[in-house]
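The values are calculated or read from the model by the stated rules, or taken from the named source; none is laboratory data. Everything numeric in this text was worked out from a predicted model, so none of it was measured. Cβ placement follows ideal geometry from the backbone for every residue including glycine, while neighbour counts extend to all protein chains displayed.
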Amino acid sequence: MTERLQKILARAGHGSRRGVEALISDGRVRVNGQPATLGMQADVAVDVIELDGVPVHADAPAVYLAMNKPSGFVTTARDPQHRHTVMQLLPDDLPPHVFPIGRLDRDTEGLLLFTNDGEFAHRMAHPRFEVEKEYAALVVGAPGRAAFAALAAGVELDGKRTAPAHVEPAAPPAGHESREGHVWLRLAIHEGRKRQVRRMCAAVGLPVRTLVRTRVDGIELARLRRGTTRALSTDEVRRLRRLVGLAEQR
């Protein structure tokens, strides 16, 4: 059965849809010995697909993981500044091409999802699917009604208003404590702009001292220890795939 080459490469774990399009555009992909082009179709049962001269196997088992990312780790596969990356925290026995879905800032900790399913990763990160993400933020000071109202309605960032957020006072997340002169807030958003929660809070006069992502849709951080991972359950994977319009896996 023929499929779009981008879909085959994404399913084989070579990145999101946008990432594999870049691989094709850069001339790194060949089909039956010929350079591939965007929009090309192929049949994995018949055609020889190569990336950088190495055959692509689209039958690797799909992996879906949750990590409790510690502060001080960057969300990237390789870092030219030689900082610690989240990839160093993954188990050693994973199939190739597992990568993080989206990003958490170096100083932000909490729930980070990983997969080798490129189409799933693309949809989970795409704003069209409005995947809700919840954060616990330790802010300086005591927010008043005006601050809560502004965050709930959306604030201006880079000339564009953020989507409405759900925000309320909260207890500290697991492994954290209260601090005098500070307040823990729970914020739920479905956008993913760079450093969005920190910038939203700063815009209403509430500097963030600690930020923890505690939930992605129905996936909870709960008491997963910092720096460790767990496999998502079948029900969790099924729920997320339905959320982003993907069929259940067989």
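One table, with the values for the structure above:
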| item | result |
| --- | --- |
| Yes/no for Asp93 being in contact with a strand residue (DSSP E or B) (Cβ under 8 Å, 6 or more places away or on another chain) and at pLDDT below 90 | no |
| Flag for Asp105 being in a loop (DSSP other than H, G, I, E, B), of a type outside the set (A, V, I, L, M, F, W, C) and modelled with pLDDT under 90 | no |
| Scan of region 158-178 for residues that are in contact with a strand residue (DSSP E or B) (Cβ under 8 Å, 6 or more places away or on another chain) and either surrounded by 14 or more Cβ atoms within 10 Å (Cβ to Cβ) or among the small types (Gly, Ala, Ser) (or both), ordered by number | Thr162, Ala163, Ala165, Val167, Ala170, Ala171, Pro172, Pro173, His176, Ser178 |
| Leu138 over 18 Å from Asp217 (Cβ atoms) and in contact with a Lys or Arg (Cβ under 6 Å, 6 or more places away or on another chain) | yes |
| Residue in region 144-155 that is within 27 Å of Arg128 (Cβ to Cβ), in contact with a strand residue (DSSP E or B) (Cβ under 7 Å, 6 or more places away or on another chain) and without any contact (Cβ under 8 Å) to a residue 12 or more places away in the chain present | yes |
| Complete set of residues in region 196-209 that are in a strand (DSSP E or B) and crowded, with 20+ Cβ neighbours inside 10 Å | Val208 |
| Some residue of region 230-243 being in contact (Cβ under 8 Å) with a residue 60 or more places away in the chain, assigned to a loop (DSSP other than H, G, I, E, B) and of a type in the set (Asp, Glu) | no |
| Single match in Val204, Val183, Val208, Val155 (criterion: under 22 Å from the mean Cα position of the chain (by Cα) and among the β-branched types (Val, Ile, Thr)) | Val208 |
| Region 101-157, residues that are of a type in the set (S, T, N, Q) and touching a Leu at 6+ places or on another chain (Cβ under 6 Å) | Thr108 |
| Residue within region 214-227 that is out of contact with any strand residue (DSSP E or B) (no Cβ under 7 Å at 6 or more places or on another chain), farther than 30 Å from Glu156 by Cα and of a type outside the set (Phe, Trp, Tyr) present | yes |
| Scan of region 108-122 for residues that are of a type in the set (Asp, Glu) and either assigned to a helix (DSSP H, G or I) or out of contact with any strand residue (DSSP E or B) (no Cβ under 6 Å at 6 or more places or on another chain) (or both), ordered by number | Asp117, Glu119 |
| In region 115-157, the residues that are surrounded by 21 or more Cβ atoms within 10 Å (Cβ to Cβ) and among the aromatic types (Phe, Trp, Tyr) | Phe120, Tyr135 |
